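Here is the structure we will look at.
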Amino acid sequence: MAKIISEKLNLTEVVKRGIKNWPLWEKEPSHYEWIYDCDEECYIIEGDFNIETDEGTFHFMTGDFITFKDGLHCVWDIRRDVVMHYNFK
């Protein structure tokens, strides 16, 4: 089973899921390791970054909706400031 799921959502789906009411997270360009201890959904408002995993490197940017699955071990490589809504499941 994939540890990262990426989707493109239209505005109707963003509103339906209540994403704009989720908390915001912001981060400047950086490079760090992370392990997810629960599922996390993210909607990228701004940014450009790579997520490096054992399954490969994944590129994300403004408009992407991502689910990071519990147990994912990865390295974030943020190239441009990130602003995103997030939700723990």
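Label-point separation (nm) for residue 30 and residue 48, each offset 7 Å from Cα along Cα-to-Cβ?
2.0 nm
Dipole size in debye (nearest 20) for the chain around its Cα centre, Lys and Arg Cβ +1, Asp and Glu Cβ -1?
So the magnitude is around 400 debye.
Could you please state how large a percent of the accessible area of the chain is carbon and sulfur, counting protein chains only and using a 1.4 Å probe?
Whole-percent figure for carbon plus sulfur exposure: 51.
Using Stokes-Einstein with the Kirkwood hydrodynamic radius over Cα pairs, what translational diffusion coefficient do you get for segment 49-89 at 10 °C and a viscosity of 1.306 mPa s, in µm²/s rounded to a whole number?
140 µm²/s
Positive end of the dipole of the chain, charges at C-beta (+1 Lys, Arg; -1 Asp, Glu), about the Cα centre: which of 9, 45, 29 has its Cα farthest in that direction?
Ranked along the dipole, the leading option is 9.
If N is the number of residues in the chain, what value comes out of its Cα radius of gyration divided by 2.2 N^0.38 Å?
Output field value: 1.02.
Would you mind getting the accessible area per residue of the chain, heavy atoms of the protein chains only, 1.4 Å probe, in Å²?
With the other protein chains kept in place, the chain gives 60 Å² per residue.
Take residue 2 and residue 59, extend 7 Å from each Cα along the Cα→Cβ direction, and tell me the distance between the two endpoints in nm.
1.7 nm
Ordering 22, 76, 34 by accessible area with a probe of 1.4 Å, largest first, what comes out?
Descending accessible area places them as 34, 22, 76.
The values are calculated or read from the model by the stated rules, or taken from the named source; none is laboratory data. Bear in mind that the values here come from a model prediction, so they are computed numbers and not experimental data. A quick note on method: Cβ atoms are made from the backbone with ideal geometry, for glycine too, and the neighbour counts reach across all protein chains shown. Keep in mind that these areas ignore ligands, DNA and RNA; they rest on the heavy atoms of the full protein, side chains included. Shrake-Rupley method; radii C 1.70, N 1.55, O 1.52, S 1.80 Å.
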